[in-house]
Amino acid sequence: MRRPRGEPGPRAPRPTEGATCAGPGKSWSPSPNSMLRVLLSAQTSPARLSGLLLIPPVQPCCLGLSKWADRPLGGGPSAGPVQGLQRLLEQAKSPGELLRWLGQNPTKVRVHHYSVALRRLGQLLGSRPRPPPVEQATLQDLSQLIIRNCPSFDIHTIHVCLHLAVLLGFPSDGPLVCALEQERRLRLPPKPPPPLQPLLRGGQGLEAALSCPRFLRYPRQHLISSLAEARPEELTPHVMVLLAQHLARHRLREPQLLEAIAHFLVVQETQLSSKVVQKLVLPFGRLNYLPLEQQFMPCLERILAREAGVAPLATVNILMSLCQLRCLPFRALHFVFSPGFINYISGTPHALIVRRYLSLLDTAVELELPGYRGPRLPRRQQVPIFPQPLITDRARCKYSHKDIVAEGLRQLLGEEKYRQDLTVPPGYCTDFLLCVGSSGAVLPVRTQDPFLPYPPRSCLQGQAASSPTTRDPAQRVVLVLRERWHFCRDGRVLLGSRALRERHLGLMGYQLLPLPFEELESQRGLPQLKSYLRQKLQALGLRWGPEGG
């Protein structure tokens, strides 16, 4: 009697240790050496087996023309038996049945059937509530079958089988994984010989060094110093921008290189746009470094006069750097405070950031340029400058001393006698603010107005005109944390933005009490810190507690 198509033929039973291979659907009795214990142990957890489900079943019709058969897998006379075998593999009830379908139909087996069989094996082993028993000999025979045929696998089938074998818990140094890994390496394209690196000199070598990710991530101060001796005329604007950005990013206050950038700016003045100039000027303001190049400021004034109407954001960025250096040119201020410029930037995407920068420039004019008589930013256009702690402080808050200083002040003075992170007009965020009476007593903040009047000149003039004998108001003391990242990398010069903030707070009438990071880091524990804060406050003549009111 003819056997139906796709049904496996009879096979003589092979004795195994403690088990016999029956036909499909019949019960299996596991042997003491069953690999099931290994595959379902800790190294093959349910979560690991569930990874098998991430690989979708392979569809023969999607594989196109097979080079192991004369006809396409998706059609023709051989398509039916091939697809039928795949369905039988996907519906197998036990590992032994999987092995028989593969071993007894050699003419119908295609390479993708092996990955289908491995995937079905994983589903069987991960089935609940009770996975079917499996014999070690069955797994060994399946492994040998894949090893014998893997030289004909394509690279996709090799990758799928390798992944499934690892998920199933086959040892990484076992024959199956080793054979698949060897075939995978054989399929890799030959590695071309490394190209000969040209000898880079001057600007090309500098650009290659600055473009290296490792160089950008880890500052190399000595390398920068040596490269600063190159002639600026030999370098391109792109290279000089890379250098300027590198110095600003890593807070490297390198006088040689900064002077080289300043000289390059003067030499290439007519060739540079304001968008390039803003990047070249950035490190000077950030690093609080005014170059010795005598033509530096006249050159920037000419560039601003030429380019101010072309790139408004670049113009304001240049002025921000010059503001940190206390070198604001009056002519450029006249332009950016003009009604035409303000109306123009109001309709641009960067209107808010420009208004914030213009508010800072207006504050600098108010506090530092008493001789300026030009237009100013209208009051309705002004916004808070820095209404919250700066990004660098928020990013490094876990390294900051602010929390422990706050706890020391709480225990020393009491919570009602200081304010933390208070933003004072025109928008500077203070670390800690104290209100002090004329006798030196620290007063509860809730009983006082913590803000000094701004702008100070107009308020003082108004006070003098209305009441010359007005009682001296309470003094405001600001404790300023000077963290390590508030300085240039040498640790001696404050960054330009920090120096500008302290300068403006002082000009507005706040008394500053700096707390340098070296002193804070030397305090061991809260008791020492409280003693340190007590000495600092008493040095200013401050009193608190019962004797201080």
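Could you list all residues from the stretch 413-432 that are buried (at least 21 other Cβ atoms within 10 Å of the Cβ) and part of a strand (DSSP E or B)?
Tyr428, Phe432
As an exercise: evaluate Ser531 against (1) open to solvent by less than 40 Å² (accessible area, probe 1.4 Å); (2) outside any loop (DSSP other than H, G, I, E, B); (3) among the small types (Gly, Ala, Ser) and give the number of the one condition it does not meet.
Failed condition: (1).
Select from the stretch 132-177 the residues that are aliphatic (A, V, I, L, M), part of a loop (DSSP other than H, G, I, E, B) and either within 19 Å of Val111 (Cβ to Cβ) or not assigned by the TED database to the domain that holds Val116 (or both) and list them in ascending order.
Leu168 - this is the single residue of the stretch 132-177 that is aliphatic (A, V, I, L, M), part of a loop (DSSP other than H, G, I, E, B) and either within 19 Å of Val111 (Cβ to Cβ) or not assigned by the TED database to the domain that holds Val116 (or both).
Which residue, of Glu547, Glu519, is out of contact with any Asp or Glu (no Cβ under 7 Å at 6 or more places or on another chain), modelled with pLDDT under 90 and under 19 Å from Gln411 (Cβ atoms)?
That would be Glu547, the only listed residue that is out of contact with any Asp or Glu (no Cβ under 7 Å at 6 or more places or on another chain), modelled with pLDDT under 90 and under 19 Å from Gln411 (Cβ atoms).
If the requirement is being open to solvent by 50 Å² or more (accessible area, probe 1.4 Å) and more than 29 Å from the chain's Cα centre (by Cα), which of these qualifies: Tyr344, Tyr372?
Checking each option against the conditions leaves just Tyr344.
Do you know which residues across the stretch 326-341 are surrounded by fewer than 21 Cβ atoms within 10 Å (Cβ to Cβ) and within 36 Å of the chain's Cα centre (by Cα)?
Arg326, Cys327, Leu328, Phe341, listed by residue number.
Can you find, within the stretch 85-107, the residue that is nearest to the chain's Cα centre (by Cα) among those that are farther than 14 Å from Leu145 by Cβ and open to solvent by 20 Å² or more (accessible area, probe 1.4 Å)?
Among those that are farther than 14 Å from Leu145 by Cβ and open to solvent by 20 Å² or more (accessible area, probe 1.4 Å), it is Glu90.
The values are calculated or read from the model by the stated rules, or taken from the named source; none is laboratory data. Note that this is a predicted model, so its numbers are computed, not measured. Every residue, glycine as well, gets a Cβ built from its backbone with ideal geometry; the counts of neighbours run over all protein chains shown. Heavy atoms of the whole protein, side chains included, go into the accessibility calculation; ligands, DNA and RNA do not. Shrake-Rupley method; radii C 1.70, N 1.55, O 1.52, S 1.80 Å.
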